[in-house]
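Structure first, commentary second.
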Amino acid sequence: MANILVTSYYSRWDLVGHKGRIALFDSGNQLIENHLFTDPAEFHVIAGMLRHEKPLWFDTDVKHLRTGSEPVGEWET
């Protein structure tokens, strides 16, 4: 499992095409994920997490955002 700390993001909602894009970046400004949204509610939830939840981690294996302290696997304590 690869959990990467999200340190910055780019978001855009296209008012004409009714779709959004959110790109996540790590501390080295490397792109972690670049996702297209067609559901405004889903876009709003993810943008809200990025604005208000700190720290925020992205699991690259399952494509999930996680909040709180650094995630650990079942084998770690």
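All of the numbers you see were taken from the coordinates with simple rules; none came from a lab. The structure displayed is predicted, hence computed values, not measured ones. Reconstructed Cβ throughout: ideal geometry from the backbone, glycine too, with neighbour counts over all protein chains shown.
For the stretch 3-52, the percent of C-alpha pairs falling in each 5 Å distance bin, counted from 0 to the bin holding the largest distance, reads 5, 21, 31, 23, 14, 6, 1. A Förster distance of 25 Å, applied to the separation of the beta-carbon atoms of D26 and V62, puts the FRET efficiency at 0.90.
The C-alpha atoms of the chain define a longest principal axis, and helix 40-52 lies at about 50 degrees to it. Amide H contacts under 5 Å for L56: V6, restricted to partners 5 or more places along the chain or on a different chain, H placed in the peptide plane at 1.01 Å from N.
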